[in-house]
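What follows is a short report on a single structure.
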Amino acid sequence: GENVEQHPSTLSVQEGDSAVIKCTYSDSASNYFPWYKQELGKGPQLIIDIRSNVGEKKDQRIAVTLNKTAKHFSLHITETQPEDSAVYFCAAPHPSGYALNFGKGTSLLVTP
Amino acid sequence: NAGVTQTPKFRVLKTGQSMTLLCAQDMNHEYMYWYRQDPGMGLRLIHYSVGEGTTAKGEVPDGYNVSRLKKQNFLLGLESAAPSQTSVYFCASSRRSEKLFFGSGTQLSVL
């Protein structure tokens, strides 16, 4: 299937700092890249997504950037807050086109 | 509006036992999915369905069967549970193959 590599696996930042999580994908035909946030004991929830026809998308403190040439995309969280602590997953289209393949996740800890 | 509901939330099985996990969605979504989540492995696709009466294999389908007899329900069956199937199982649904809505998960332990 589509190989989605995610780094780092764990990330610790101080409140107010920025956090960046990166993912690479293998299929150059992929055209949709979402990010999900999973809080403890809950299912993942979509927080932002980007299509291949744009290079960046922002939603308040969250942004996603896409580099199609290098086949990687990144999640940027600015002015981090303790409630941003969670596991974040990137994803890319499954080869069938009907599902998503997920990265292995990044555990983000924001310390006060 | 409940979204995606999974039952049960927790279950303990003995090796060789069978069980069925139920997923129900009330958003009239065409697509439904079963993923499993294991430490350090992320979310791996077990099976998926693109409409009532259809199912397809994902990346880790062995040992599981699924059925989509009604549009709103997607069942995941384990015919003979093995310890390797100890995991957290997530169901999701979507209108198309994007913007998946996940349930809260089923934690399964196979002893």
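Worth a mention:
- Charge tally for B:K71 (other residues, Cβ to Cβ under 13 Å; Lys, Arg +1; Asp, Glu -1): 0.
- Furthest towards positive pole of dipole, B:F74, B:N28, B:A56, structure part region B:1-76, Cβ charges: B:F74
- Counting, for every residue in B:89-102, the Cβ atoms of other protein chains within 10 Å of its Cβ and taking the mean gives 4.
- Rounded to whole numbers, the Karplus 3J(HN,Hα) couplings from phi for region A:69-79 are 4, 8, 6, 9, 9, 9, 9, 10, 10, 9, 6 Hz, using 6.51 cos²θ - 1.76 cosθ + 1.60 with θ = phi - 60°, and x at Gly and Pro.
- Rough spin-label spacing in nm, given labels placed 7 Å along Cα→Cβ, for A:S12 and A:S28: 4.1
- Total accessible area lost when B and A pair, probe 1.4 Å, Å² to nearest 100: 1700
- Each eigenvalue of the Cα gyration tensor of region B:6-111, multiplied by 5 and square-rooted, gives one semi-axis; in descending order these are 22, 14, 12 Å.
- Of B:T5, B:V110, B:T15, farthest towards positive along the dipole that unit charges on Lys, Arg, Asp, Glu beta carbons give chain B: B:T5
- Of the trypsin sites (Lys or Arg not before Pro) found in region B:10-77, the ones in coil according to DSSP and having at most 14 other Cβ atoms within 10 Å of their Cβ are B:K14, B:K70.
- Each Lys and Arg Cβ is given +1 and each Asp and Glu Cβ -1; about its Cα centre, the protein assembly as shown then shows a dipole of about 460 debye.
- Taking the Cα atoms of chain A, the ratio Rg/Rh between the radius of gyration and the Kirkwood radius comes to 0.96.
- Taking Cβ atoms as reference points and 11 Å as the exclusive limit, the residues near A:T106 contribute a net charge of +3, counting Lys and Arg as +1 and Asp and Glu as -1.
- Karplus-derived HN-Hα couplings along region B:41-57 (A = 6.51, B = -1.76, C = 1.60, θ = phi - 60°), whole Hz, x at Gly and Pro: 10, x, 9, 10, 6, 8, 9, 8, 9, 9, x, 3, x, 10, 8, 8, 7
- Between the beta carbons of B:L111 and B:L69, assuming R0 = 25 Å, the FRET efficiency works out to 0.25 to the nearest 0.05.
- Relative frequency of Cα-Cα separations exceeding 22 Å in the protein assembly as shown, percent: 51
- For region A:23-86, accessible area per residue (1.4 Å probe, heavy atoms of protein chains only), Å²: 52
- Peptide A:85-95, shielding by other chains (average Cβ, 10 Å cutoff): 2
- For chain B: accessible area per residue (Å², 1.4 Å): 48
- Cross-link pairs A:K42/B:K71; A:K42/B:K70; A:K68/B:K57; A:K42/A:K104; A:K37/B:K9; A:K104/B:K99 - those with Cα-Cα distance over 22 Å: A:K42/B:K71; A:K42/B:K70; A:K68/B:K57
- Accessible-area composition of region A:8-112, carbon plus sulfur, in percent [1.4 Å probe]: 48
- Neighbour net charge for B:L21 - beta-carbon separation under 11 angstrom, K R +1, D E -1: +3
- Annotation for region A:1-91: trypsin sites (Lys or Arg not before Pro) lying in DSSP loop with at most 16 further Cβ atoms inside 10 Å of their Cβ are A:K42, A:R61, A:K68, A:K71.
- DSSP beta bridge pairing in chain A, given as percent antiparallel to the nearest 5: 90
The values are calculated or read from the model by the stated rules, or taken from the named source; none is laboratory data. Because the structure is a prediction, the values reported are computed rather than measured. All Cβ positions, even for glycine, are placed from backbone atoms using ideal geometry, and neighbour counts span all protein chains on display. With ligands, DNA and RNA removed, areas are computed over all heavy atoms of the protein, side chains included. Shrake-Rupley method; radii C 1.70, N 1.55, O 1.52, S 1.80 Å.
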